[in-house]
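Here is the structure we will look at, set down as structure tokens.
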Amino acid sequence: ERFEVAESRAPLIARDQVGKLFGSLNQVRQEALGVDSFVWRTVHDNRVREEHEALDGLTFPWESPPTEGIPGEAINCRCFAEPVLDAILDEE
């Protein structure tokens, strides 16, 4: 009542915000470790958006993500960023 959000919408909003937080936190952690790019990954089920299915498996630099933004940023997006570790592993 306080924020005028229907109970039925509250779980959707909560899931969406947690996904956005996870996506942003994932980016910060990866960049802090020296990871400069990621592979877009979906959860591979029948609810994945066509736009995100088309991005699945493609590599993007963190500084230049696709027009969809980073994985987890779109409303109710369940995609995630798989780090590309080649540059870090080559340093060893």
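Quick one: what pairs do we get from the stretch 5-25, first residue more than 14 Å from residue 70 (Cα to Cα), second among the basic types (Lys, Arg) and open to solvent by 60 Å² or more (accessible area, probe 1.4 Å), C-beta under 9 Å, 6+ apart or different chains?
Going by the 9 Å Cβ cut-off, the qualifying pairs are 15/78.
Which one is surrounded by the most Cβ atoms within 10 Å (Cβ to Cβ), of the residues in the stretch 30-43 that are out of contact with any strand residue (DSSP E or B) (no Cβ under 9 Å at 6 or more places or on another chain) and assigned to a helix (DSSP H, G or I)?
Per the criteria, the residue is 31.
Can residue 35 be described as without any contact (Cβ under 8 Å) to a residue 12 or more places away in the chain and under 15 Å from residue 65 (Cβ atoms)?
For residue 35, the condition - without any contact (Cβ under 8 Å) to a residue 12 or more places away in the chain and under 15 Å from residue 65 (Cβ atoms) - is not met.
Would you pick out the residues in the stretch 44-76 that are in contact with a strand residue (DSSP E or B) (Cβ under 8 Å, 6 or more places away or on another chain) and assigned to a loop (DSSP other than H, G, I, E, B)?
The answer is 56, 57, 58, 62, 66, 70, 71, 72.
Checking residue 67 against (1) polar (S, T, N, Q); (2) open to solvent by 90 Å² or more (accessible area, probe 1.4 Å); (3) on the phi > 0 side of the Ramachandran plot, only one condition comes out false. Which one?
That leaves (3) as the condition not met.
Does residue 15 qualify as being surrounded by fewer than 11 Cβ atoms within 10 Å (Cβ to Cβ), modelled with pLDDT under 95 and among the basic types (Lys, Arg)?
So residue 15 does not fit the description; no.
The values are calculated or read from the model by the stated rules, or taken from the named source; none is laboratory data. Note that the coordinates shown come from a computational prediction; the quantities given were computed from them, not determined experimentally. Cβ sites come from the backbone with ideal geometry, for glycine too, and all protein chains shown count toward neighbours. These area figures cover heavy atoms from the full protein model, side chains too; ligands, DNA and RNA do not enter into them. Shrake-Rupley method; radii C 1.70, N 1.55, O 1.52, S 1.80 Å.
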